Amino acid sequence: YIQRMTGLATDPFATKPGHDPRFYGFLLEVVNKTDGSININPYNCWLMPSNAQVKNPIGLTDLSFTYHMAGAELPEAYETVSEVLIDEPKVILPGRSFHGLLVYRAMKKKPRSYYVEVQLTLPNGKVARFRAPYRRVKIELPENEEP
């Protein structure tokens with residue numbers, strides 16, 4: 001998705017081989033089939049793990065601040081990717097669609113399960129909630145194989 005949308009050959013949020021993940025990313029696409037506008041606010045899109053506190057998605061400002069606090073400059077790849085991050089409220093007009101990435105900082109303790117909850121405000125003012133669950137499955141290896 002990042003390569004197709006930005007032209008970058010590598011994903012700056014990808015986990016480096018041999019390292020724990022730094023980020024979790026989710027592609028969100030919303031198609032508005034109503035007669036009015038739908039609103040999406042990234043602060044109403046939560047990563048809800050089973051073993052830790054709820055997380056909000058991060059954006060370019062968060063990344064820039066983190067690098068600045070560490071005394072470093074924000075790598076250009078993050079600025080390039082910022083165009084596909086959902087880091088501010090969006091209005092989706094009738095008959096239109098919207099897609100982008102919700103990116104969360106990885107959790108220190110890997111949860112067994114979690115879900116991403118997305119809330120949209122519909123044209124009538126009501127809130128629609130959607131949940132995308134994830135559950136890590138323990139893989140049983142045959143006795144003669146090592147992990």
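Split the accessible area of the chain by element, probe 1.4 Å, and carbon with sulfur accounts for 51%. Modelled label positions at D11 and E29, each set 7 Å beyond Cα in the direction of Cβ, lie 1.6 nm from each other. Projecting the Cα atoms of T15, A132, I92 onto the charge dipole of the chain (Cβ charges, centred on the Cα centre) puts A132 farthest toward the positive pole.
Which percent of the Cα-Cα distances in the chain go past 20 Å? Of the Cα pairs, 57 percent sit more than 20 Å apart. Shape index of the stretch 73-139: Rg/Rh, with Rg the Cα radius of gyration and Rh the Kirkwood radius from the inverse mean 1/r over Cα pairs, equals 1.05. What translational D, rounded to a whole number of µm²/s, comes out for the stretch 22-66 from Stokes-Einstein when the hydrodynamic radius is the Kirkwood one over Cα pairs, at 37 °C and 0.692 mPa s? Answer, rounded: 250 µm²/s. With R₀ set to 35 Å, the beta-carbon distance separating M69 from R135 gives a calculated FRET efficiency near 0.55. Can you give the angle from 0 to 90° between the axis of helix 60-69 and the longest principal axis of the chain, with both taken from C-alpha atoms, to the nearest 10? Long axis of 60-69 versus the principal axis of the chain: about 40 degrees. Using a 10 angstrom cutoff on alpha carbons, build the Gaussian network for the chain and name the most mobile of G71, G25, G125. For the chain, modelled as a Gaussian network with Cα springs under 10 Å, the answer is G71. Going down the table (K16/K90; K16/K109; K90/K110), which pairs top 27 Å between alpha carbons? Going by Cα-Cα distance, K16/K90; K90/K110 fall outside the 27 Å limit.
Exposure check, 1.4 Å probe, all protein chains in place: M69 carries approximately 130 Å² of accessible surface.
Springs between Cα atoms under 10 Å define the GNM used for the chain, and in it the highest mean-square fluctuation of Y134, Y114, Y67 occurs at Y67. Scattering from the stretch 1-40 was approximated by placing one identical point on each alpha carbon and applying the Debye formula without solvent; log10 I(q)/I(0) at 0.14, 0.18, 0.19, 0.28 1/Å stands at -0.53, -0.70, -0.74, -1.01. Extension gain for E83-K110 works out to 6.9 nm (0.36 nm per residue, less the C-alpha to C-alpha distance).
The values are calculated or read from the model by the stated rules, or taken from the named source; none is laboratory data. Since we're looking at a predicted model, the values are computed, not measured. Positions of Cβ are generated from backbone atoms using ideal geometry, with glycine treated the same way; all protein chains shown enter the neighbour counts. With ligands, DNA and RNA removed, areas are computed over all heavy atoms of the protein, side chains included. Shrake-Rupley method; radii C 1.70, N 1.55, O 1.52, S 1.80 Å.
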